[in-house]
Amino acid sequence: MEFSSLTVIVGENNIGKTTILKALYKILKMDESPHRVRFFEDDFYFDKSSNKRSTEIVIELSFDELDENDKTAFVWSGIDISNNQLSVRLEAKWEEENNDANVELFFVRKDDPENSKGENFNLTHKRYIPFYYIDAYRDIWKETNSSSGDLKQIFKDHNKHYLKPLNAQIVSCIKNIDLYLNEYEKNEDSSISEILVEMDDNLGDFALDNSIPLVDCLTEFNMKLDDCNRRLDECISETEPRDKELIKKIQQSVQNICQKTSVQQTIEELQSKINGLHGIREIKSILNENLSLFVPESQIEIDLAKIEELNLFNENHVSLEDVSIFKQGSGFQGSFVIALKLSRLFTHMKFSEEKLTNLIVAIEEPEAHMHPHLQRSLIKKLKVKQRKFAEMGYNVQLIVTTHSPSILSQIEKSDICMLKRDNKACKAIRFDEAFEKKITSKLGNNKLKHFDSVFRSYPEIFLSRGVIIVEGHSEFGALPEFAKIINVDLDDLGLSVINAGGKGNAKPMYTIINKFAKCAAIKDKDNDTYADSLIDDENEPFYRTNYADFEEELLNHVDSYELANILIKVDPETIGKYYLELIRKYVVNAESMEVTEILSNLDNLDFTDLKEKTKDTIKTELSKTLKKYKSALMGSMISSHLKEDQIPSCYKDIILKAKEMVVQNEQ
């Protein structure tokens, strides 16, 4: 199975979508040693027909388009990356005597056909192939409040760089300034060097001077440092520094130190006010008085309501329009968890010592609990985010599993990977250039538009077990009603009905869809010789109406006057108006009846005179009406009033055949 920059995996439930993501996760799980990979007995395939369980699992991943960072890392480790490709294999063998699986993870050698086992795949190697798996279960409380949750982990990563204690940041900034001066002071513009020296002195004096209470010196220190940074900005706008990146890093550190000192000053002032509260002073007094009975008073030091900067990050409250995230809907909560997990991954990338540029993100069923608009918006924003990261030099490979037609409607068909049952196995179908060539070789380039049309109009076919193709709007509306009448549940069977959109389109569409889904089609009886030439086998489930078209089928299977009554019931103001007037004209006592009265007495009215007067014209008029007002809605409304014996046999046949194909495929 091949993955592109965006791969959307579709298929029915229990077909293997989650299994694929978990297979990737087994090998690539971030920060987990390969030695901890475990398999249990029920992970191994069990064949019910033979009552035997497989004893081996093999997962092999191949990576291409390696960048220079990857090549350097793996070549240095002695890994074979011939043909600019890297392969990792997991082999798990079940050992009955140990009731455990023996698992090996190693690089695949391409240079020795007799021995493909290369170096062991270890945690260091994993760090160059970051993989993040966002499963379908998204726990908003865990991810925002738990110490192992993503929000706390994001703070933890940032704490190493931007949120670490003030003194640690000052020491780090001094080191960077000294590094710059040692490297470039002789060749650097004197004004830049002088400001850096002044910064260095200010930072050093502050770090070493413990004689002045912190709160008293913070303001002065901030002003000096901020002034240095402002003057440095002015200098580098006129003169380009020798090392722009290092200068940028120094300036960011100085800005952060100024903000940290401001926060520290606020904390000191707030702590002083809290300590001055009457209740706090009284509690301290009581505790001191009683503790002094057991501990020398000089040794007692009690800090109540102590404010620690680091502890401020332990309590995080997320809200939308002042309403807690925990009181938001499940859809919004799910979206937030996905955003949180992506934020953690990109934070990991940003601070990675390996300077990573490639990463893989797998998201399982992102549509959970979301309405269609939010689903479409989500996948569009993910694609925009992917492009933005590409512009920043990060190659983000997205793998998504979904059951959502709304998500499929926002992607290219070449990004879809459909999983289908193939006897006891599962095969993956990609709708790429190779697939399109198979279509054009049989249909010609001009018929490729049918594939584009069906993809945009009916994305659900990629999620269906089978497809029924009809030629026009009326049949499209009628077929689901016919299925209900003969007790065939299309949804339970996973059958979709699609409209080919006109004469001559059914067969090309059937030929295309039949390459990846169980498919049956019906066309109107006409002289479409092009369609006939595409039939490979006369036993194919490709049907024709027995009469000219859908309307003629109805006219030959439903009594004309009963059909006229149905038209009146469906829409007495438009399609039934002509027949309503016939009743008022030829049925005794009906002339003065209101529409509602006629409708309630249709089955009791005497149509003898009406039938005698209109027997030669009624069928022609019905044909005109049905053809004039043909639509999916009318087809559905009219068909819903029919009895089973009034359904044309050709439509019964295709519904039952489609059911048979799906059931047989399941077995």
- Task: Report, by residue number, each residue of segment 315-337 that is free of Cβ contacts under 8 Å to residues at least 60 places away in the same chain and either among the aliphatic types (A, V, I, L, M) or open to solvent by 50 Å² or more (accessible area, probe 1.4 Å) (or both).
- Result: Glu315, His317, Ser319, Leu320, Glu321, Asp322, Val323, Lys327, Ser330, Phe332
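Mind telling me which of the residues Lys383, Lys420 ends up being touching a residue at least 40 places away in the same chain (Cβ under 8 Å), assigned to a helix (DSSP H, G or I), among the charged types (D, E, K, R) and closer than 26 Å to Phe451 by Cβ?
The unique qualifying residue is Lys383.
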- Tell me, yes or no, whether segment 473-482 has at least one residue that is among the aromatic types (Phe, Trp, Tyr), within 19 Å of Ile498 (Cβ to Cβ), part of a helix (DSSP H, G or I) and touching a residue at least 60 places away in the same chain (Cβ under 8 Å). yes
- Note on the structure: When segment 321-354 is checked residue by residue, the ones that are outside any helix (DSSP H, G or I) and of a type in the set (Gly, Ala, Ser) are Ser324, Gly329, Ser352
- Just a yes or no: is a residue in segment 82-89 touching a strand residue (DSSP E or B) at 6+ places or on another chain (Cβ under 6 Å), more than 30 Å from Tyr137 (Cβ to Cβ) and crowded, with 16+ Cβ neighbours inside 10 Å? yes
- In this structure, is Lys627 outside any loop (DSSP other than H, G, I, E, B), farther than 26 Å from Pro480 by Cα and open to solvent by 10 Å² or more (accessible area, probe 1.4 Å)? no
- Message: When the residues of segment 9-37 are narrowed to those that are among the basic types (Lys, Arg) and at pLDDT below 90, which ends up most open to solvent (accessible area, probe 1.4 Å)?
- Response: Arg36
- Within segment 101-133, restricting attention to residues that are within 25 Å of His348 (Cβ to Cβ) and of a type in the set (Val, Ile, Thr), which residue is most open to solvent (accessible area, probe 1.4 Å)? Thr124
- Scanning segment 566-623 residue by residue, the ones that are of a type in the set (Gly, Ala, Ser), out of contact with any Ser or Thr (no Cβ under 9 Å at 6 or more places or on another chain) and assigned to a loop (DSSP other than H, G, I, E, B) total 2
- Query: Does segment 630-638 include one or more residues that are in contact (Cβ under 8 Å) with a residue 24 or more places away in the chain and among the hydroxyl-bearing types (Ser, Thr, Tyr)?
  - Reply: yes
- Residue list for segment 192-208, filter: over 18 Å from Gln255 (Cβ atoms) and modelled with pLDDT of 85 or more: Ser193, Glu194, Val197, Asp201
- Message: Quick test for you: out of Leu582, Leu610, pick the one residue that is open to solvent by less than 30 Å² (accessible area, probe 1.4 Å), in contact with a Phe, Trp or Tyr (Cβ under 7 Å, 6 or more places away or on another chain) and more than 26 Å from Ile468 (Cα to Cα).
- Response: Leu610
- Ala368 versus (1) over 19 Å from the mean Cα position of the chain (by Cα); (2) open to solvent by less than 50 Å² (accessible area, probe 1.4 Å); (3) within 22 Å of Glu143 (Cβ to Cβ): which is the lone unmet condition? (1)
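The values are calculated or read from the model by the stated rules, or taken from the named source; none is laboratory data. Here the structure is a predicted model, which is why all the values come from computation and not from measurement. Counting neighbours? That spans all protein chains shown, and the Cβs are built from the backbone with ideal geometry, glycine included. Just so you know, the surface numbers come from the protein's heavy atoms only, side chains and all, with ligands and any DNA or RNA stripped out. Shrake-Rupley method; radii C 1.70, N 1.55, O 1.52, S 1.80 Å.
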